[in-house]
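First comes the structure, then the notes that go with it.
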Amino acid sequence: MAVGNLVKSIQQKMRQDAGINGDAQRIEQMVWLFFLKVYDAQEYEWEIDAEDNGETYQSIIPEDLRWRNWAPSKDEEGKAIGDVLTGERLLNFVNNTLFPVLQGKESVDKQYKGIKVTRETKRHKAIVQEVFKEVNQYMKNGTLLREIIDIIEDVDLMDTEESHQFGDIYESILSDLQSAGHAGEFYTPRAVTNFVIEQLNPRLGEQVGDLACGTGGFLVSALNHLADQRDTAEDEIKFQKSVIGQEWKPFPYLLGVTNIMLHGIKDPMMYHMDSLSHPMSDYMEEGKLHVIAMNPPFGGATDTSISQNFKAEYRSSETADLFMVLIMQRLAENGRAGVVLPDGFLFGTDGPKLAIKKRMLQEFNLHTIVRMPTSVFAPYTSIATNILFFNNEKAEDAPEGFATKETWFYRLDMPEGYKHFSKTKRMLSDHFNPVREWWNNRQELENGEKSRCFTPQELMDLQCNFDQCKFPKEEEEILSPEDLITNYKLRRKELDTKIDRTLSKLEDMLGIKIEEL
């Protein structure tokens with residue numbers, strides 16, 4: 001089957017299965033299957049590398065449970081294999097043997113022990129258990145599952161061209177997350193990730209990090225940017241160590257690990273963890289990153305125990321605020337950062353936000369803020385977003401008391417012919433061309449309404465209000481009924497979070513619980 005028809009065929013079959021409900025579940029089901037296929041292809045390479053070094057590669061997965069030994073229905077010559085798992089036998093194998101063992105548990109029939117991960121376990125082996133720890137198997141029809149496995153097995157990942165096509169298809173699956181309900185929070189449009197990486201311009205030998213990497217979009221953009229810089233075997237070694245990601249939600253972690261492997265990283269430095277859960281003092285020089293590119297979760301709240309990891313002046317209940325503190329802590333000297341943040345951070349003047357923004361001006365070179373059109377993340381959210389670019393350095397001729405010399409604001413307008421972006425009319429890389437043309441020849445535009453420069457003292461006098469170069473009027477958004485419902489639900493969730501935060505503060509002040517009233 002042509003690789004281009006793969007996803008469509010799989011989705012058609014999944015829609016016939018009573019166990020799968022909605023796009024998010026369909027994607028999760030597809031991706032754990034993709035992961036095992038991709039991991040098995042990677043193991044072939046590890047086996048060759050070990051043999052070249054006079055060693056024998058030992059998989060962490062029991063031999064009978066490796067994809068190559070249970071998934072294929074045809075041999076290398078294309079002839080049907082006699083005893084192929086299908087129907088109830090296949091479901092029983094997946095539910096009662098494969099999943100428990102990969103999760104580190106004993107199989108139901110006690111024939112296989114769960115895979116064991118210790119501190120000595122190599123990273124590329126530990127990933128298997130991390131990925132399967134909380135992933136789900138939804139399908140109830142073993143015959144349909146067999147047909148889907150056959151479709152995936154037909155892809156030859158050892159063929160460079162076919163592998164690249166498969167990587168492109170995987171990216172299209174991730175883009176579908178933008179309209180897959182709650183899962184959309186894990187995806188940043190590739191036009192955005194590519195633009196940010198382009199301006200940060202990482203070089204081989206530098207490490208690019210995303211501390212809430214979701215599906216790994218920024219990291220993939222970095223890998224694509226670095227790929228053409230390889231000329232020698234030493235360059236390839238640097239490339240393999242060039243990106244690091246952290247993600248605490250199981251589903252996007254699975255998506256991200258698979259994505260990074262599909263883009264040429266044999267031993268992904270992807271970690272299933274909450275980046276905010278560590279005290280800032282844990283990050284010494286060895287934990288610093290040359291480049292940080294990310295879209296921190298925003299609109300949510302963290303519990304009090306997490307905020308205790310931060311200095312009192314920075315303790316905020318909003319995740320985006322805490323991630324900004326973490327980014328500043330993790331950015332190496334002379335390092336560069338590009339961060340997507342909501343409008344609320346720009347104009348917010350509460351204690352933590354004000355302290356964070358003052359620190360940015362005083363200790364970092366906050367040189368550029370790009371305001372993006374409000375519908376970039378539609379239909380997931382209509383919240384207006386911005387990209388903040390800053391370096392961990394003191395700008396030349398910066399005024400006394402500041403590391404920032406000047407901060408430029410640029411308003412990126414909706415491209416001609418667009419009223420809004422949507423899941424069928426997504427933002428494209430070319431839509432950033434106006435800001436690309438302006439970037440190296442900065443000047444005020446439209447009397448400062450579209451582009452304007454501020455000194456750090458001017459921003460301090462404005463109480464660090466970074467909400468400059470506003471759009472002249474509210475952009476009209478015409479969304480489909482489905483997208484409108486999704487937006488309303490997300491706005492209600494955001495409002496509920498703000499109400500809960502206010503109630504919590506009132507409870508603390510009054511020393512009571514609202515439920516008692």
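I want the antiparallel fraction of DSSP beta bridges within the range 358-418, as a percent rounded to 5. Spell out each step's value before the answer.
Working: 6 of 10 bridges.
Roughly 60 percent of the beta bridges in the range 358-418 run antiparallel, per DSSP.
Solvent-accessible area of the chain (1.4 angstrom probe, protein heavy atoms only): carbon and sulfur portion equals 47 percent. Amide H to amide H distances under 5 Å link Tyr271 with Gly245, Gln246, Glu247, where only residues 5 or more positions off or on other chains count and H is placed in the peptide plane. Heavy-atom accessible area for Cys213, with the other protein chains in place and a 1.4 Å probe, reaches approximately 10 Å². When the residues Glu406, Glu286 are ordered by accessible surface, computed with a 1.4 Å probe over the protein chains alone, the sequence from largest down reads Glu286, Glu406. Among [x] 0.92; [y] 1.04; [z] 0.97, only one was calculated for this model; which label is it, if the read-out is Cα Rg over 2.2 N^0.38 Å? This structure yields the entry labelled [y].
The stretch between Asp350 and Ala227 holds 40.0 nm of extra length on full extension. This uses 0.36 nm per residue minus the Cα-Cα distance.
Under a model in which nothing but the beta-carbon of Lys, Arg (+1) and Asp, Glu (-1) is charged, the chain shows a dipole of about 1280 debye around its Cα centre.
Per the Debye calculation on the range 252-411 with a single equal scatterer at every Cα and no solvent contribution, log₁₀ I(q)/I(0) for q = 0.09, 0.14, 0.20 Å⁻¹ amounts to -0.32, -0.80, -1.48.
Ranking Ala222, Gln362, Gln129 by Cα position along the charge dipole of the chain, where only Lys, Arg, Asp and Glu carry charges on their C-beta atoms, puts Gln362 farthest toward the positive end. DSSP assigns beta bridges within the chain; of those with both partners inside it, close to 55 percent run antiparallel.
At each listed q (0.10, 0.14 Å⁻¹), what is the log10 of I(q)/I(0) that the Debye formula gives for the range 212-330 modelled as equal alpha-carbon point scatterers? Results for the range 212-330 at q = 0.10, 0.14 Å⁻¹ read -0.34, -0.63. For a quick check of your reading of the filter: which trypsin sites (Lys or Arg not before Pro) in the range 388-420 sit in a DSSP loop and have no more than 16 other Cβ atoms within 10 Å? Filter output for the range 388-420: Lys394, Lys419. Dimensions of the range 314-371 from C-alpha coordinates, computed as largest minus smallest value along each principal axis and given longest first, are 29, 25, 19 Å.
Counting every alpha-carbon pair across the range 1-140, the share separated by more than 20 Å comes to 55%. Highest average first, the peptides 256-262, 395-401, 133-139 ordered by how many other beta carbon atoms sit within 10 Å of their residues are 256-262, 133-139, 395-401.
Among the GluC sites (Glu not before Pro) in the range 15-121, those placed in a DSSP loop whose Cβ has at most 14 other Cβ atoms within 10 Å are Glu55, Glu76, Glu77, Glu106, Glu120.
Computed from the C-beta positions of Glu437 and Glu162, the FRET efficiency with R₀ = 41 Å rounds to 0.65.
Simple point charges give the picture: +1 on the Cβ of Lys and Arg, -1 on the Cβ of Asp and Glu, and for the range 25-155 a dipole about the Cα centre of about 780 debye. Give Lys288/Lys353; Lys8/Lys419; Lys133/Lys425 a once-over and call out the pairs whose C-alpha atoms are over 27 Å from each other. Cα-Cα > 27 Å for Lys8/Lys419; Lys133/Lys425; rest within. Secondary structure note: in the range 244-402, about 65% of the DSSP beta bridges are antiparallel.
Rank Glu416, Glu234, Glu318 by accessible area, highest first, at a 1.4 Å probe radius?
The most accessible residue leads, giving Glu416, Glu234, Glu318.
Compared with the direct C-alpha span, the chain from Glu198 to Glu446 gains 86.7 nm at full extension, assuming 0.36 nm per residue.
The values are calculated or read from the model by the stated rules, or taken from the named source; none is laboratory data. What you are looking at is a predicted structure, and each value in this text was computed from that prediction instead of being measured. Ideal geometry is used to build each Cβ from the backbone, glycine not excepted, and the neighbour counts take in all protein chains shown. Heavy atoms of the whole protein, side chains included, go into the accessibility calculation; ligands, DNA and RNA do not. Shrake-Rupley method; radii C 1.70, N 1.55, O 1.52, S 1.80 Å.
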